[in-house]
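To start, the structure under review is shown below, and the notes come after it.
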Amino acid sequence: QVQPVESGGGLVQAGGSLRLTCAASGRTFSSYGMGWFRQAPGKEREFVAAIRWSASTYYADSVKGRFTISRDNAKNTVYLQMNSLKPEDTAVYYCAAARLSSGVIGATGSYDYWGPGTQVTVSS
């Protein structure tokens, strides 16, 4: 019903910044809860940030104060601004859409549609 597609990943030095963009293909994001997740090699996919239709935002403790999630319904896009990047932020970052608002915000099972991911590499 909706296909998120991420862009903006790349290589950056520790302390630098990147801005990830999630664009919709198919349906719009306006009525979906949107989240960003990441997965490093050999590790489980973990929650990064989420934003509800109401614009309420949620963050993993590991990124609070450094990352900012936002959405622009008019452009049907979701963003993840990443500042003060650390080597441990290196991962494939995924954008996801949730049909229902009753799920646990930080749980992968709460999201129904996933993008293919974009690689973020932070060097020291």
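The values are calculated or read from the model by the stated rules, or taken from the named source; none is laboratory data. As the structure is a computational prediction, the values presented were derived from the model and not from experiment. Reconstructed Cβ throughout: ideal geometry from the backbone, glycine too, with neighbour counts over all protein chains shown. The area values use the complete protein model at the heavy-atom level, side chains included, leaving out ligands, DNA and RNA. Shrake-Rupley method; radii C 1.70, N 1.55, O 1.52, S 1.80 Å.
A few notes on this one:
- Cα centroid separation, segment 1-25 to segment 103-122: 12 Å.
- Karplus-derived 3J(HN,Hα) values for segment 115-124, using 6.51 cos²θ - 1.76 cosθ + 1.60 with θ = phi - 60°, are x, x, x, 9, 7, 10, 10, 10, 9, 9 Hz; glycine and proline are entered as x.
- Portion, in percent, of the accessible area of the chain that falls on carbon or sulfur, probe 1.4 Å: 48
- Per-residue HN-Hα couplings for segment 75-91 [Karplus 6.51, -1.76, 1.60; θ = phi - 60°; Hz; x = Gly/Pro]: 9, 6, 9, 10, 10, 10, 8, 10, 10, 6, 5, 10, x, 6, 7, 4, 4
- Over the chain, Cα pairs under 8 Å with separation of 6+ residues give a relative contact order of 35 percent.
- When the charge dipole of the chain is built from unit charges on Cβ atoms (+1 for Lys and Arg, -1 for Asp and Glu) and taken about the Cα centre, the candidate among Gln119, Val5, Gly26 whose Cα reaches farthest toward its positive end is Gly26.
- In this structure, the amide hydrogen of Gly117, modeled 1.01 Å from its nitrogen in the peptide plane, lies closer than 5 angstrom to those of Glu6, Cys95, counting only residues at least 5 positions away or on a different chain.
- With all protein chains kept in place, the per residue accessible area of the chain amounts to 50 square angstrom at a probe of 1.4 angstrom.
- Think of each Lys and Arg Cβ as +1 and each Asp and Glu Cβ as -1; about the Cα centre, that makes the dipole of the chain roughly 220 debye.
- For the chain, built as a Gaussian network whose Cα springs stay under 10 Å, the top-fluctuating residue of Trp36, Trp53, Trp114: Trp53
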